[in-house]
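This report refers to the structure that appears directly beneath it.
The values are calculated or read from the model by the stated rules, or taken from the named source; none is laboratory data. Not measured: the values here are computed from a predicted model. Don't worry about glycine lacking a Cβ; one is built from the backbone with ideal geometry, like all the others, and counts go over all protein chains shown.
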Amino acid sequence: MATDHLLRLTLAALLGQLLMGQATPPPLEEIKPSLQDDAFAALLNTKVEVSSHIPITVFRGPSTVSVLDRDTLLSFGIQTVEEAVNLVAGLRTVRALGYTDIATVRGLLQDAYMNRVLFLINGTETWDTATGLTMLSRVPIQDVERIEVLKGPASVLYGTNAYAGAINVVLRRSYLPQTQVYGGASVRGGSRYGLNASIQGPGGLTVFVGGQDARIFGRDYTLLDEPKPSGRATLTMDERRFDRTANFYAQWGPLNFLFNGLESQATSFGLNFSQAFGAQELISNQGQLYHLGYKQLLGEAFSLRSDVSVDRWYRIFPAAANNAQGNHIKGTRTHGLLSGTWLPSSDFSLEAGGTFQMVEQTLFQRRNNSTGEALFNDIQTPKEVRENSAFGQIQYQTGPWTFFMGSRHTDNQVFGTNTSSRVAAVFALENRQSIKLIWGQSFRAPTLFDQYVFSANVLKGNPSVKPETSESVEVAWLFAKGGFFIQTQVFNGTFKNKLTRSRLHPTETEVTTINGPTLKSWGGEVELKYKQPEVGNLFLNIGFATGNRGDEIPGKGYNYLWVPKWDFKGGFARQLGAFSTSISARHITEATGPAMEKIPAITTMDATLRFHHKVGKIEVKHEVFVKNATDQDILYAENARRNLNALPEGMGRQAGYILSFTF
């Protein structure tokens, strides 16, 4: 499989580094941020990629962006991308019936198979062709340089699925040859091992390659399945998650190439929350992302960018006890971009371009997993949808003010046209303080799953659904001085035609995808950081989100009934010679589930102890960690089918040890 090939390629890359490790690195000033008299020089100078096609710092960018740099990830012993983004104010991952790491921004829930937060790897979009969902586990944390989180509408930049925000994972990029090999074990028999390498080749070629195998075993728990005329049966579950990943990124002059491969299995709650319908069995996902990009400066003021990517996805969803039957889902998404940027002066820039996208569903079929026999089609395939768009953005700077204005016009083969726009004004004092005023629109086109799926007695699609649209206003303030950095913002959003699920008639057995009434939301976030070598590294992030009852379904609740209003996150890390330690905590307030039962507040605590030393030229690191030390039972509202009140996160307390060698 693709990940097997990448793991072999990674081993070959280690040999390649030994052969090419003498490549001359660039001057030191090219790889270090300019020095300033504060601890956040790197953050002040980092040009993030998620908020604009032209990289720009968080202080001057036209969006609200949170950045988790590599220093933060290492200091707090972060083990997964999912764990990392849960540190961001205003972002929370939740669990649904078929996935375990669904990102939500500012409380807008995903309704299981309705992706509203776009996931990108090095700026390349990734999502399952059938449902639109993606998996944060596509990239292991050891391969990550930084994580950029954009909160708020992002359709002007990325089109559909960037409805509520976007998460961009930037792979490690080193100008110096380096190799890391690591492995470890965790409670209940879990394991994690992998390697990655940064390689320098002739002619300015830079390569990053990495691979990982991770196995995590959670707790065993007993629940009651969905209500039935005969009563409710006991459902026994044991949590398991297995991921094999591979990443390859190469840049040579104006060309860049990216490959990401994933093979994943995780405990599923089945088509119905019952072992007779596949609950407790493993849902399987396989994905391969290929991307080829070209960026070239043409003359002194004009640059050209073109990208082509192919994202393939194959998923097997358990549909019967003992994995006797499964829904086999296969599709391909092809995406292309061509844009030009004109920079006649440092005060003005104009970018314009277009994209095309084709989503093709080649298989959506119930099969006998033992014989491969086709039982029936949940979607008659093949089906395909084409989408074209044109976009443009103007940036103008005068004195301390920077103004942005952009629009994207999209023509979808099924849903017709949509125009989404964004306007932002940024008032910046040097590079240390800024105030942002942002108005933006967004949209999300329904997927083939939303329109055409039919699973008897469970779910049916609706070809008449319309795209979701949104509009929001944000005000943000950013400030950095000495060892302090603060980012705070307030927001107000309106969401129209929000896709949800309901029975069109009380006698129907299937739940149908429908457009709900208008929903409004409001809230704010505070992100506070403090960093000084003699004191330590501290952070405190606070998120508040709530909204009206516009999407209420009688007797079942509404979006912001199921969402905790407050989310507090904080941590402290300190380096003491060869030792470093960290502790972090998170508190989420209570909510209410669809059964109108309370979901209790939770408080979790994580801790890490690390020791590093050298053996010759090899840096050795030992890391001991404990996640969810309080062993809290974390529950999420079951807002997709709404036949249950809540679903458990399932992992419980996790403890482990990791040993790594860097050379």
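Scanning segment 141-163 for residues that are within 14 Å of the chain's Cα centre (by Cα) and either free of Cβ contacts under 8 Å to residues at least 24 places away in the same chain or closer than 14 Å to ASP69 by Cα (or both), we see that the one that is surrounded by the fewest Cβ atoms within 10 Å (Cβ to Cβ) is ILE141.
Name the residues in segment 383-404 that are exposed (fewer than 15 other Cβ atoms within 10 Å of the Cβ) and basic (Lys, Arg), would you? Within segment 383-404, ARG386 is the sole residue that qualifies.
Listed here are the residues, each with its yes/no results for (1) of a type in the set (A, V, I, L, M, F, W, C); (2) in contact with an Asp or Glu (Cβ under 9 Å, 6 or more places away or on another chain); (3) touching a residue at least 60 places away in the same chain (Cβ under 8 Å).
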residue: VAL453; (1), (2), (3): yes, yes, yes
residue: LYS460; (1), (2), (3): no, yes, no
residue: PRO463; (1), (2), (3): no, no, no
residue: LYS466; (1), (2), (3): no, no, no
residue: THR469; (1), (2), (3): no, no, no
residue: VAL473; (1), (2), (3): yes, no, no
residue: LYS481; (1), (2), (3): no, yes, yes
residue: GLN487; (1), (2), (3): no, yes, yes
residue: ASN492; (1), (2), (3): no, yes, no
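Contact map, segment 266-282: residues that are in contact (Cβ under 8 Å) with a residue 40 or more places away in the chain and at negative phi paired with residues that are of a type in the set (Val, Ile, Thr) and in a strand (DSSP E or B), Cβ distance under 7 Å, separation 6+ or inter-chain. Pairs shown: ALA266/ILE283; SER268/ILE283; LEU282/THR267. Does HIS291 count as without any contact (Cβ under 8 Å) to a residue 60 or more places away in the chain, assigned to a strand (DSSP E or B) and within 17 Å of ASP128 (Cβ to Cβ)? Criteria not met by HIS291.
Listed conditions (1) surrounded by fewer than 18 Cβ atoms within 10 Å (Cβ to Cβ); (2) assigned to a loop (DSSP other than H, G, I, E, B) are all met by LEU644, apart from (1). Among what's in segment 347-374 and is outside any strand (DSSP E or B) and of a type in the set (D, E, K, R), pick the residue that is modelled with the lowest pLDDT. Out of the qualifying residues, it is ASP347. Search segment 60-72 for residues being surrounded by 19 or more Cβ atoms within 10 Å (Cβ to Cβ) and touching an Asp or Glu at 6+ places or on another chain (Cβ under 9 Å), and hand back the single one that is farthest from PHE625 (Cα to Cα). It comes out as SER63.
Of everything in segment 509-555 that is touching a Gly at 6+ places or on another chain (Cβ under 8 Å) and of a type in the set (Ser, Thr, Tyr), the residue that is farthest from THR64 (Cα to Cα) is THR512. Regarding segment 304-321, can at least one residue be identified that is closer than 16 Å to VAL385 by Cβ and either touching a helix residue (DSSP H, G or I) at 6+ places or on another chain (Cβ under 9 Å) or of a type in the set (D, E, K, R) (or both)? Checked against the condition, which is being closer than 16 Å to VAL385 by Cβ and either touching a helix residue (DSSP H, G or I) at 6+ places or on another chain (Cβ under 9 Å) or of a type in the set (D, E, K, R) (or both), segment 304-321 yields at least one hit. Cβ-Cβ distances below 7 Å connect the following pairs, each with a first residue in segment 366-382 that is crowded, with 17+ Cβ neighbours inside 10 Å, a second residue that is assigned to a loop (DSSP other than H, G, I, E, B), and a separation of six or more residues or different chains: ARG366/ALA319; ARG366/ASP378; ARG367/GLU373; ASN369/ALA324; ASP378/VAL453; ILE379/VAL453. Only one of these conditions is not met by ARG172: (1) of a type in the set (Lys, Arg); (2) more than 25 Å from TRP252 (Cα to Cα); (3) modelled with pLDDT under 95. Which number is it? For ARG172, the failing item is (2).
Looking at PHE449, PHE427, just one residue is assigned to a strand (DSSP E or B) and not β-branched (Val, Ile, Thr), and that residue is PHE427. Residues in segment 482-513 that are part of a loop (DSSP other than H, G, I, E, B) and closer than 24 Å to SER472 by Cβ: ASN497, LYS498. Any idea how many residues of segment 68-96 are in a helix (DSSP H, G or I) and of a type in the set (A, V, I, L, M)? Within segment 68-96, residues that are in a helix (DSSP H, G or I) and of a type in the set (A, V, I, L, M) number 5. Against the test of being within 30 Å of THR381 (Cβ to Cβ), of a type in the set (Phe, Trp, Tyr) and not in a strand (DSSP E or B), the options PHE242, PHE259, PHE317, PHE269 yield a single qualifying residue, PHE269.
Could you list, in sequence order, the residues of segment 430-446 that are assigned to a strand (DSSP E or B), polar (S, T, N, Q) and surrounded by fewer than 18 Cβ atoms within 10 Å (Cβ to Cβ)? Scanning segment 430-446 gives a single hit, GLN433. For segment 170-189, give me the residue count where each residue is over 30 Å from ARG219 (Cα atoms) and outside any strand (DSSP E or B). Qualifying residue count for the region: 6.
The single residue among GLY211, GLY165, GLY159 that is of a type in the set (Gly, Ala, Ser) and over 30 Å from PHE491 (Cβ atoms) turns out to be GLY211. Scanning segment 495-514 for residues that are surrounded by fewer than 17 Cβ atoms within 10 Å (Cβ to Cβ) and either under 30 Å from LEU528 (Cα atoms) or without any contact (Cβ under 8 Å) to a residue 12 or more places away in the chain (or both) yields ARG503, LEU504, HIS505, PRO506, THR507, GLU508.
I'd like the residue in segment 22-81 that is over 20 Å from LEU528 (Cβ atoms), touching a helix residue (DSSP H, G or I) at 6+ places or on another chain (Cβ under 7 Å) and hydrophobic (A, V, I, L, M, F, W, C) and, out of all such residues, is modelled with the highest pLDDT. If we take residues in segment 22-81 being over 20 Å from LEU528 (Cβ atoms), touching a helix residue (DSSP H, G or I) at 6+ places or on another chain (Cβ under 7 Å) and hydrophobic (A, V, I, L, M, F, W, C), then VAL81 is modelled with the highest pLDDT.
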